[in-house]
Amino acid sequence: MDPLENAEPQGYKWGKGTDDSASRTAWARFSSWLECVCVVTFDLEFGQAIELVYPQDVKLTEKEKTSICYLSFPDSYSGCLGDTQFSFRLRQSVGQRGSWFGSEDTYSGDAPVTLQRDLAHYFGYVYFRQVKDVSVKRGYFQKSLVFISRLPYVSLFQSLLQLVAPEFFEKLEPCLEAVCNEIDQWPAPVPGVTLNLPVMGVVMQVRIPTKNDKLGGSPLKQAHKENLLPAPVVLPTVHELDLFRCFQSLLIHIQMLWELALLGEPLVVMAPSPTTCSETVLALVSSIAPLKYCCDYRPYFTIHDSEFKEYTTRTQAPPNVILGVTNPFFIKTFQYWPHVIRLGDLKMSGDLPKQVKVKKLAKLKSLDTKPGVYTAYKTFLHKDKALIKRLLKGIQRKRPSEVQCAILRRHLLELTQSFIIPLERYLASLMPLQKSVTPWKTPPQIRPFSQEEFMKTLEHAGPQLTSVLKGDWMGLYRRFFRSPNFDGWFRLRHREMTQKLECLHLEVISEADLAAWIQDKSEVEIVDLVLKLREKLTKARRQQLPVKEEVLQKQEKHVETVICSLPEDLQAVLLRR
Amino acid sequence: MALRELKVCLLGETGVGKSSIVWRFVEDSFDPNINPTIGASFMTKTVQYQNELHKFLIWDTAGQERFRALAPMYYRGSAAAIIVYDITKEESFQTLKNWVKELRQHGPPNIVVAIAGNKCDLGDAREVTEKDAKDFADSIHAIFVETSAKNAININEVFREISQRIPVAEASGAAAGKGFKLRRQPSDTRRSCC
């Protein structure tokens with residue numbers, strides 16, 4: 001890379017207008033990263049309250065603000081002294097819509113499905129400080145700095161908080177003002193690009209993944225290949241957590257965790273701190289990447305949550321969600337749930353992290369319930385004992401955590417891919433043959449997905465080709481078909497295929513000899529053709545189909561030529577439209 | 001050609017023209033009506049100096065008093081600081097002396113200091129003589145120039161002089177003789193590319 005290429009100013013901005021519309025455009029860059037930054041404090045009279053928010057004109061409903069307040073503080077039971085970082089996810093109020101949508105399709109088009117902007121939820125990234133302070137009536141200083149974003153960039157935003165929050169607690173509002181203005185100078189996130197993000201006197205460097213990335217490669221290595229300048233803070237990833245650390249007391253159950261996430265089973269993670277429960281939930285959700293986890297998940301959930309009633313009512317079966325909680329009160333609430341993971345403080349047995357045991361749900365009763373995986377679930381596939389042995393040996397040999405994490409991540413990735421490749425292959429076979437796409441007919445239909453037909457393909461082209469894991473793969477697929485994750489995956493793929501078909505059709509039409517075709521056609525048929533072609537063009541543009549601009553232009557030319565072949569009075573009518 | 005990143009911060013009272021100097025250096029333009037900086041602005045510009053490329057990572061700080069406490073974040077790890085005053089405002093020169101004091105006490109040990117007397121196009125309204133400023137700069141071994149961001153006078157020169165005074169890469173023991181010397185300690189802003 002030419003080092004001079006970077007010489008241009010990075011988002012320089014000279015002041016901001018004071019009127020409303022100007023201030024909105026002024027925060028445009030900030031909004032591509034964050035919705036807002038909040039400071040939540042404890043008020044003796046009102047409880048948790050938002051003390052500060054940037055930008056000041058951010059559109060949050062009262063309900064959203066209340067939720068943010070509750071979700072930004074650890075439960076009183078978790079007694080977090082010092083600094084605590086965790087994450088939450090919150091449902092957006094009905095009818096609320098962010099201001100930038102639609103303008104940034106380049107991001108959603110190129111980002112992996114798992115890193116899309118969440119249009120229905122906000123992510124909250126929290127840095128909470130609780131220290132003794134005699135000058136405060138309550139005897140404690142308690143405050144949270146919270147980033148609210150649509151982006152699931154947990155690693156980036158938690159690293160940013162680590163940098164910003166300690167300075168903020170000392171230097172207060174001007175610090176926050178400065179940071180928000182600096183973020184407002186950041187370049188927008190572009191998949192595949194390594195960005196320099198200047199903040200508080202340092203430049204953070206991070207690469208935004210694309211859907212075309214080779215999976216399983218080390219993101220660090222990718223950054224090096226681009227030969228960028230050394231930056232003081234290089235983040236290896238925007239979104240990945242240290243899976244090994246998150247799962248260290250659950251390593252022997254990794255197969256079960258993966259299946260529960262894949263199937264979108266109702267699952268509660270109960271942990272002593274919001275850090276542990278939120279990281280574990282996010283790790284579970286990411287364990288099936290590159291598949292998108294399509295159900296709801298709440299890394300940190302409290303009894304004040306607006307969905308509390310909805311999710312804990314006993315009149316219906318537990319919903320397909322993963323919840324992270326810390327309040328022991330939830331043990332009673334969730335005793336009817338099929339899967340509850342109760343984590344304790346990490347204990348060592350010898351030099352290994354003590355592994356929690358699978359326990360009967362019936363034992364889940366009292367507040368002091370022991371750590372364990374409370375479930376009657378039996379895995380469809382056998383656990384990979386070699387992997388577990390390798391990871392545990394790694395701990396004894398003091399293998400670096402990043403390496404352990406990479407081993408675990410690779411295992412999960414290969415497992416998900418082994419599972420999903422037969423489905424992808426079968427789905428591709430449902431696509432009509434290219435030669436059946438002709439200019440004179442509407443494009444042929446994609447054949448319907450038949451579960452039985454798919455099952456028959458497994459014998460020759462099943463997951464056994466890429467995975468050594470034995471067990472009831474068929475059963476796992478059958479169960480998967482009933483889960484929201486299958487539904488989400490299928491809809492997405494089906495939409496992509498429909499668009500692909502539409503593109504092929506457009507290409508075929510642009511190559512067709514329309515002049516010859518219209519020769520023996522009636523006026524009505526020709527007018528009909530013109531209208532159809534026009535509609536196709538509009539649709540292609542509106543949906544931003546991945547079709548070459550030349551193809552579209554060629555087709556526009558076609559339309560003009562065809563119109564010119566018509567009698568003049570008709571021409572006038574068609575051109576006026 | 002070797003490429004070095006040099007963190008540079010601009011300090012000084014509000015309204016003396018810190019942002020205008022940066023804007024002139026990076027974009028070669030001038031806007032008489034810019035708003036006060038909030039927090040800090042960040043810009044980069046790469047220039048060739050002898051057989052090296054110097055990429056300046058420029059942190060243009062806010063001069064307003066309420067942002068005063070944030071300054072350490074920006075001069076921390078800086079290879080150079082440009083302290084700016086307004087030649088038509090005696091007070092801004094006094095503020096500059098306070099910045100020098102603060103850098104001595106809390107700044108990086110061998111930070112290169114440049115003093116820029118900006119708005120030298122407004123000679124008629126001058127309150128700080130060139131000699132006084134020059135004498136002060138010499139007494140602390142700092143670079144000194146009078147500049148005009150408006151008329152593009154001596155702007156590139158400030159950065160060129162900074163390039164000159166930056167110790168030669170890797171040989172951190174040898175050079176830096178002319179710098180703003182307090183204590184010696186290898187700076188981690190100069191690490192070369194991997």
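Residues are listed down the side, and each one gets a yes or a no for (1) touching a residue at least 24 places away in the same chain (Cβ under 8 Å); (2) polar (S, T, N, Q):
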| site | (1), (2) |
| --- | --- |
| A:K435 | no, no |
| A:S450 | no, yes |
| A:K456 | no, no |
| A:T466 | yes, yes |
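Might you let me know whether the stretch A:112-124 holds any residue that is closer than 21 Å to A:S273 by Cα and within 14 Å of chain B (Cβ to nearest Cβ)?
no
Within the stretch B:1-41, how many residues are under 19 Å from B:Q64 (Cβ atoms), assigned to a helix (DSSP H, G or I) and not charged (D, E, K, R)?
The qualifying residues number 5.
Considering A:P166, A:P187, A:P174, which residue is farther than 23 Å from A:S108 by Cα, within 14 Å of chain B (Cβ to nearest Cβ) and touching a residue at least 60 places away in the same chain (Cβ under 8 Å)? Quick ask: steps written out before the conclusion?
Numbers: A:P187 fails: farther than 23 Å from A:S108 by Cα; A:P174 fails: touching a residue at least 60 places away in the same chain (Cβ under 8 Å).
On inspection, the qualifying residue turns out to be A:P166.
Against the definition (within 30 Å of A:A512 (Cβ to Cβ) and among the aliphatic types (A, V, I, L, M)), how does A:L476 come out, yes or no? First the steps, then the outcome.
Working: within 30 Å of A:A512 (Cβ to Cβ): no; among the aliphatic types (A, V, I, L, M): yes.
Judged against the criteria, A:L476 is not a match.
Looking at A:V126, A:V164, A:V134 in this structure, which one is farther than 30 Å from B:I58 by Cβ, modelled with pLDDT of 95 or more and among the β-branched types (V, I, T)? Please lay out each step first, then the result.
Numbers: A:V164 fails: farther than 30 Å from B:I58 by Cβ; A:V134 fails: modelled with pLDDT of 95 or more.
Result of the check over A:V126, A:V164, A:V134: A:V126.
For the stretch B:22-35, indicate whether the set of residues that are hydrophobic (A, V, I, L, M, F, W, C), buried (at least 23 other Cβ atoms within 10 Å of the Cβ) and touching a Gly at 6+ places or on another chain (Cβ under 9 Å) is non-empty.
No - not one qualifying residue is present in the stretch B:22-35.
Yes or no: the stretch B:20-30 includes at least one residue that is facing chain A (nearest Cβ under 8 Å), farther than 26 Å from B:D121 by Cα and either among the polar types (S, T, N, Q) or within 17 Å of the chain's Cα centre (by Cα) (or both).
Taking the stretch B:20-30 first, the residues facing chain A (nearest Cβ under 8 Å) are B:23, B:26-27.
Okay, now just the ones that are also farther than 26 Å from B:D121 by Cα, so none.
No, there is no match, as no residue in the stretch B:20-30 is facing chain A (nearest Cβ under 8 Å), farther than 26 Å from B:D121 by Cα and either among the polar types (S, T, N, Q) or within 17 Å of the chain's Cα centre (by Cα) (or both).
With away from chain B (no Cβ under 14 Å), at pLDDT 95 or above, crowded, with 23+ Cβ neighbours inside 10 Å and assigned to a helix (DSSP H, G or I) as the only criterion, which of A:V281, A:V268 stands out? Steps first, answer last, please.
Values: A:V268 fails: assigned to a helix (DSSP H, G or I).
Answer to the selection: A:V281.
For B:F180, work out the one condition from (1) within 14 Å of another protein chain (Cβ to nearest Cβ); (2) modelled with pLDDT under 95; (3) touching a helix residue (DSSP H, G or I) at 6+ places or on another chain (Cβ under 9 Å); (4) within 23 Å of B:V22 (Cβ to Cβ) it doesn't fulfil.
Among (1) within 14 Å of another protein chain (Cβ to nearest Cβ); (2) modelled with pLDDT under 95; (3) touching a helix residue (DSSP H, G or I) at 6+ places or on another chain (Cβ under 9 Å); (4) within 23 Å of B:V22 (Cβ to Cβ), the lone unmet condition for B:F180 is (1).
Residues checked against (1) in a helix (DSSP H, G or I); (2) in contact (Cβ under 8 Å) with a residue 60 or more places away in the chain; (3) more than 14 Å from chain A (Cβ to nearest Cβ); (4) not charged (D, E, K, R):
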{"residue": "B:M43", "(1), (2), (3), (4)": "no, no, no, yes"}
{"residue": "B:H54", "(1), (2), (3), (4)": "no, yes, no, yes"}
{"residue": "B:Y85", "(1), (2), (3), (4)": "no, yes, yes, yes"}
{"residue": "B:T95", "(1), (2), (3), (4)": "yes, yes, yes, yes"}
{"residue": "B:V100", "(1), (2), (3), (4)": "yes, no, yes, yes"}
{"residue": "B:V113", "(1), (2), (3), (4)": "no, yes, yes, yes"}
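Among the residues in the stretch A:501-512, are any within 29 Å of the chain's Cα centre (by Cα), over 13 Å from A:L423 (Cα atoms), assigned to a loop (DSSP other than H, G, I, E, B) and not small (G, A, S)?
In the first step, residues of the stretch A:501-512 are kept if they are within 29 Å of the chain's Cα centre (by Cα); the result is A:501-503.
Checking which are over 13 Å from A:L423 (Cα atoms) leaves us with A:501-503.
Within this subset, residues satisfying the condition of being assigned to a loop (DSSP other than H, G, I, E, B) are none.
No, the stretch A:501-512 has no match at all.
Output the number of the condition that A:V356 fails; it satisfies all remaining conditions of (1) under 28 Å from the mean Cα position of the chain (by Cα); (2) within 24 Å of A:S286 (Cα to Cα).
(1)
Quick one: would you say B:G39 is within 8 Å of another protein chain (Cβ to nearest Cβ), of a type outside the set (A, V, I, L, M, F, W, C), buried (at least 16 other Cβ atoms within 10 Å of the Cβ) and under 15 Å from the mean Cα position of the chain (by Cα)?
Details: within 8 Å of another protein chain (Cβ to nearest Cβ): yes; of a type outside the set (A, V, I, L, M, F, W, C): yes; buried (at least 16 other Cβ atoms within 10 Å of the Cβ): yes; under 15 Å from the mean Cα position of the chain (by Cα): no.
When the stated conditions are applied, B:G39 does not pass them.
Go through the stretch B:65-89 and give me each residue that's surrounded by fewer than 24 Cβ atoms within 10 Å (Cβ to Cβ) and within 12 Å of B:V16 (Cβ to Cβ).
Listed by number, the residues that qualify are B:T88, B:K89.
Among (1) surrounded by fewer than 19 Cβ atoms within 10 Å (Cβ to Cβ); (2) facing chain A (nearest Cβ under 8 Å); (3) more than 17 Å from the chain's Cα centre (by Cα); (4) of a type outside the set (F, W, Y), there is one condition B:M1 misses while meeting the rest; what is its number?
B:M1 satisfies every listed condition except (2).
In the stretch A:54-89, what residues are over 13 Å from A:Q142 (Cα atoms), modelled with pLDDT under 95 and hydrophobic (A, V, I, L, M, F, W, C)?
A:V58, A:L60
Exactly one of (1) over 22 Å from A:N196 (Cα atoms); (2) within 11 Å of another protein chain (Cβ to nearest Cβ) is unmet by B:Q50. Its number?
Unmet for B:Q50, out of (1) over 22 Å from A:N196 (Cα atoms); (2) within 11 Å of another protein chain (Cβ to nearest Cβ): (2).
The values are calculated or read from the model by the stated rules, or taken from the named source; none is laboratory data. What you see is a predicted model, and the numbers here were worked out from it, not measured in a lab. All Cβ positions, glycine included, derive from the backbone under ideal geometry; neighbour counts span all protein chains shown.
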